[in-house]
1. Could you please let me know if A:Asp128 is over 19 Å from the mean Cα position of the chain (by Cα), within 17 Å of A:Tyr86 (Cβ to Cβ) and surrounded by fewer than 17 Cβ atoms within 10 Å (Cβ to Cβ)?
2. Go through the stretch B:108-147 and give me each residue that's under 28 Å from A:Met52 (Cα atoms) and either modelled with pLDDT under 85 or touching an Asp or Glu at 6+ places or on another chain (Cβ under 9 Å) (or both).
3. Can you name the residue in the stretch A:20-32 that is exposed (fewer than 12 other Cβ atoms within 10 Å of the Cβ) and not small (Gly, Ala, Ser) and is also farthest from the other protein chains (Cβ to nearest Cβ) among such residues?
4. Residue check: is B:Pro112 under 22 Å from B:Asn169 (Cβ atoms) and out of contact with any strand residue (DSSP E or B) (no Cβ under 9 Å at 6 or more places or on another chain)?
5. Could you tell me whether any residue of the stretch A:47-55 is among the β-branched types (Val, Ile, Thr), within 30 Å of the chain's Cα centre (by Cα) and either over 30 Å from B:Lys66 (Cα atoms) or buried (at least 16 other Cβ atoms within 10 Å of the Cβ) (or both)?
6. Applying the selection to the stretch A:145-165, what residues are within 19 Å of the chain's Cα centre (by Cα) and surrounded by 15 or more Cβ atoms within 10 Å (Cβ to Cβ)?
7. Does the stretch B:172-193 include one or more residues that are of a type in the set (A, V, I, L, M) and in a strand (DSSP E or B)?
8. In the stretch A:33-81, which residues are among the charged types (D, E, K, R), outside any strand (DSSP E or B), within 12 Å of chain B (Cβ to nearest Cβ) and without any contact (Cβ under 8 Å) to a residue 40 or more places away in the chain?
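The values are calculated or read from the model by the stated rules, or taken from the named source; none is laboratory data. No experiment lies behind these values; they were computed from the predicted model shown. Here Cβ is always computed from backbone atoms with ideal geometry, including for glycine, and neighbour counts include all displayed protein chains.
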Amino acid sequence: MAEISQGGGKKDSKVRSKKTSTKIDMTPMVDLAFLLLTFFVMTTTLNKPQTMEINMPEEVKEGDIPPPVNEKKVLTIILGDDDKVYWYIGMTDPIVEVTNFSDEGIRKILLKKNAEIDKMVVLIKATDESRYKNMVDILDEMNITNMKRYVLVDITPVDKELIKESNL
Amino acid sequence: MGKVKVHRASTSIDMTPMVDLAFLLVTFFMLTATATPDEPVTVDMPTSVSEIPIPDINVLTISVGKDGKVYFNMDGKYNREALLGKIGERYNIQFTEEETKVFSVLSSTGIPIGQLKQFLSMEREDRSAINQPGIPCDSVNNELKDWIIFSRMTNPKLRIAVKGDSEANYPVIKTVIKTLIDNKVFRFNLITNMEKGV
């Protein structure tokens, strides 16, 4: 220990060099190390946000003729308020039905219709009442059900009428 | 008769390997930890099953808050400096060196360009306290468009990511997407969280 040996007082006046132990007490250091370790472990967020890639079609230029599509092959999905999903097949006198985002909802319909209809085209129309979450959810469903042809388009007044009429 | 000697083991153990390991882990976590800059808005992202990680550099993030406010962010200190110069030129605003410096290290901003100079000359505390009005992106005054154009001019490798709140209304997202399409950005990313329970 750190003591200064005083000259007199003791009988043997031999100067003894005290051997200090080379071992140091590591406990405080370990405490600190683990404190830091805990802090960094807790604050590190491991789940980096994921991204979803989305491709939008180029705007239709004047004079462009869109390729004709058989209306019976078109599945229209309309995202309404309160997480409601309206869907119908075709264009003339469509039967509008309503479903939701659960596994038994839109996913089942997509899979079923995709099996029934060869080269099905899905049109996604989001109403102004829908939320961003609905859009991401439906795009996600497209990924899950492995849809090849889908596009996000603006809602038309006709579609709005259809929803109103269906009263679902 | 031999006496049975009880060998007393020392109670102090050698802590060196444990300390080695502890410091190794500390170093690892310290180096991997990225300081998250304080964002003016917390965005609660929707979940998806998509597993494409977001790139670390060359990202332009357009955040849409719950209330429909639009925020802009681009990474890269030097690119930001160049960007502010270009924006200043376009809007005839002279930014001082000090203001440029402040802007280069800023995170998301939702300040209309007209108020940007004043915002940048504020004290740090005042800046975080202010309620940012969001970047105008309607058809009359679309400043988001200019941000996108000039960002892509400063950094052509830029990837554009939209970070929207799940509760954000669709019309705002539609305006943002429309702005992107108008600027010939047809491919962009939507930032989402990992789906829970998958």
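1. Details: over 19 Å from the mean Cα position of the chain (by Cα): yes; within 17 Å of A:Tyr86 (Cβ to Cβ): yes; surrounded by fewer than 17 Cβ atoms within 10 Å (Cβ to Cβ): yes.
Judged against the criteria, A:Asp128 is a match.
2. Quick first cut of the stretch B:108-147, residues under 28 Å from A:Met52 (Cα atoms) only: B:108-111, B:132-139, B:142-147.
Residues satisfying the conditions are B:Ser108, B:Gly134, B:Ile135, B:Pro136, B:Cys137, B:Asp138, B:Ser139, B:Asn142, B:Lys145.
3. Taking the candidates together, the pick is A:Thr20.
4. Answer is yes for this residue.
5. Within the stretch A:47-55, the subset among the β-branched types (Val, Ile, Thr) is A:51, A:54.
From what is left, the residues that are within 30 Å of the chain's Cα centre (by Cα) are A:51, A:54.
Still in the running and either over 30 Å from B:Lys66 (Cα atoms) or buried (at least 16 other Cβ atoms within 10 Å of the Cβ) (or both): A:51, A:54.
Scanning the stretch A:47-55, I find at least one residue that is among the β-branched types (Val, Ile, Thr), within 30 Å of the chain's Cα centre (by Cα) and either over 30 Å from B:Lys66 (Cα atoms) or buried (at least 16 other Cβ atoms within 10 Å of the Cβ) (or both), so the answer is yes.
6. If the condition is that a residue be within 19 Å of the chain's Cα centre (by Cα) and surrounded by 15 or more Cβ atoms within 10 Å (Cβ to Cβ), then A:Thr145, A:Met147, A:Leu152 are the ones that fit.
7. First pass over the stretch B:172-193, keeping only residues of a type in the set (A, V, I, L, M): B:172-173, B:176-177, B:180-181, B:185, B:190-191.
Keeping just the survivors that are in a strand (DSSP E or B) gives B:190-191.
Yes.
8. Of all residues in the stretch A:33-81, those among the charged types (D, E, K, R) come to A:48, A:53, A:58-59, A:61-62, A:64, A:71-73, A:81.
Applying the additional criterion that residues be outside any strand (DSSP E or B) yields A:48, A:58-59, A:61-62, A:64, A:71-73, A:81.
Imposing the further condition that a residue be within 12 Å of chain B (Cβ to nearest Cβ) reduces the set to A:48, A:58-59, A:81.
Answer for the stretch A:33-81, where residues must be among the charged types (D, E, K, R), outside any strand (DSSP E or B), within 12 Å of chain B (Cβ to nearest Cβ) and without any contact (Cβ under 8 Å) to a residue 40 or more places away in the chain: A:Lys48, A:Glu58, A:Glu59.
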